[in-house]
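Notes for the one structure printed next.
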Amino acid sequence: MTPGNNGASTPEDDDPFGYLYADGQANGAQPPSGGYGYPNSVNRVRAVGTRPYGQQSQAAQTAPYGQVPQQQGGYNRPNAHYAAPETLPGGATTTQHQMSGGGGGGRGGRGPNTKGLLIGAIAVVAAVVIGIGVAMLGGDKDKDDASDEVGTNPTQSQESKPSPSASKAGESQVDLPTIDAKALRLGGGAALAQDVKGAQSDGGIYVGNLNQVGSSVTWTVNGVPKDGAYTVFARYSTVDEDQEMTLTVNGKPFGSKLNMGNFTHTKGGDFAKGWTKTYAWPTLNKGSNTITVSCAEGDKCNVLLDQLWLKAGQVKD
């Protein structure tokens with residue numbers, strides 16, 4: 001349908017939009033009185049491009065119907081005087097949404113990346129929580145270490161008894177007495193001699209003739225530093241069979257017998273090859289003590305006695 005005179009009716013009656021065309025306007029077509037085609041509507045229909053935004057520019061006020069005024073602003077940039085239609089007089093009251101004019105490289109003027117900000121905030125909170133957890137674990141470990149250190153200290157209910165090796169390490173620097181054969185007090189048939197080679201006493205002297213009941217050597221030990229366990233060593237020589245004699249400490253027999261075995265396995269009566277040593281672990285008093293090696297009934301005493309000496313604690317060499 002084209003606008004025109006088709007009888008008694010006017011062109012606008014035939015085509016309600018005839019006013020939008022040049023020939024319709026020439027035939028007297030007028031826009032309807034209501035906005036958007038509805039009676040009594042506030043906003044009125046205008047030709048494309050003639051509606052002003054914000055404050056009306058001079059071009060918009062003077063532009064005739066059908067002529068589009070030049071718009072301000074470049075591509076993808078909002079008009080500086082833009083205002084939503086709802087803000088114009090008579091417009092519907094709605095909630096305004098502020099547009100961001102451009103932005104750092106966002107496509108179509110998008111707003112800030114709230115998703116990225118949210119992820120960053122969550123990462124910060126997680127880091128703080130992890131740091132607190134590590135600090136708490138470190139504190140617990142310090143407490144555990146402290147309790148372990150306390151646990152290693154002896155309590156009042158624990159006894160602190162030195163072992164033979166500990167006594168040797170702690171007291172080996174203390175000079176304890178040593179005595180040669182010629183300094184011993186002899187008893188019974190015991191006598192000094194130096195015919196057999198290998199004695200370490202001064203001059204190679206040793207005590208012989210101990211294989212008779214009642215023969216003995218006695219050592220009065222002075223300078224014992226404290227009460228406790230000690231080791232008495234004896235250097236001697238024997239051959240063929242193992243021997244054993246009586247050890248007396250401070251007037252009391254100590255143990256069963258003093259073992260004086262043939263540890264060198266010497267045969268044929270060659271005492272020069274039978275030199276060896278033995279030991280016992282008596283308890284001595286601080287100061288002076290008496291130690292006696294004797295041949296009693298039932299003992300085997302075929303030995304040559306060279307030296308006696310002491311060491312602190314219960315040791316073997």
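The values are calculated or read from the model by the stated rules, or taken from the named source; none is laboratory data. Everything numeric in this text was worked out from a predicted model, so none of it was measured. Counting neighbours? That spans all protein chains shown, and the Cβs are built from the backbone with ideal geometry, glycine included. All accessible areas refer to the heavy atoms of the entire protein, side chains included, with ligands and DNA or RNA removed. Shrake-Rupley method; radii C 1.70, N 1.55, O 1.52, S 1.80 Å.
One residue stands out in the stretch 217-240 among those that are open to solvent by 20 Å² or more (accessible area, probe 1.4 Å) and more than 59 Å from the chain's Cα centre (by Cα): the one that is farthest from V293 (Cα to Cα), namely D240.
Of these, S201, S237, which one is of a type in the set (S, T, N, Q) and in contact with a Phe, Trp or Tyr (Cβ under 6 Å, 6 or more places away or on another chain)?
Values: S201 fails: in contact with a Phe, Trp or Tyr (Cβ under 6 Å, 6 or more places away or on another chain).
The conditions single out S237.
Residue by residue, here is whether (1) surrounded by 13 or more Cβ atoms within 10 Å (Cβ to Cβ); (2) at pLDDT below 95 holds:
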residue	(1), (2)
K267	no, yes
D270	yes, yes
W275	yes, no
P282	yes, no
S288	no, no
V293	yes, no
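Please tell me if G223 is assigned to a loop (DSSP other than H, G, I, E, B) and modelled with pLDDT under 95. The answer is no for G223. Scanning the stretch 205-244 for residues that are of a type in the set (A, V, I, L, M, F, W, C), in contact with a strand residue (DSSP E or B) (Cβ under 6 Å, 6 or more places away or on another chain) and more than 17 Å from A181 (Cα to Cα) yields V224, A229. Test Q243 against the stated conditions and say whether it is surrounded by fewer than 20 Cβ atoms within 10 Å (Cβ to Cβ), of a type outside the set (D, E) and touching a Cys at 6+ places or on another chain (Cβ under 9 Å). Judged against the criteria, Q243 is not a match.
At least 1 residues that are of a type in the set (K, R) and at pLDDT 90 or above in each: list the strands (runs of 3 or more DSSP E) lying fully within the stretch 120-202 that qualify.
Details: elements: 178-180, 185-187, 191-193.
Passing ranges, in order: 185-187.
Restricting attention to the stretch 232-288, the residues that are assigned to a loop (DSSP other than H, G, I, E, B) and of a type outside the set (A, V, I, L, M, F, W, C) total 22. A search for C-beta distances below 7 Å between a residue of the stretch 277-289 that is closer than 14 Å to T248 by Cβ and charged (D, E, K, R) and any residue that is open to solvent by less than 10 Å² (accessible area, probe 1.4 Å) and not in a loop (DSSP other than H, G, I, E, B), counting only pairs 6+ apart in sequence or on different chains, returns nothing.
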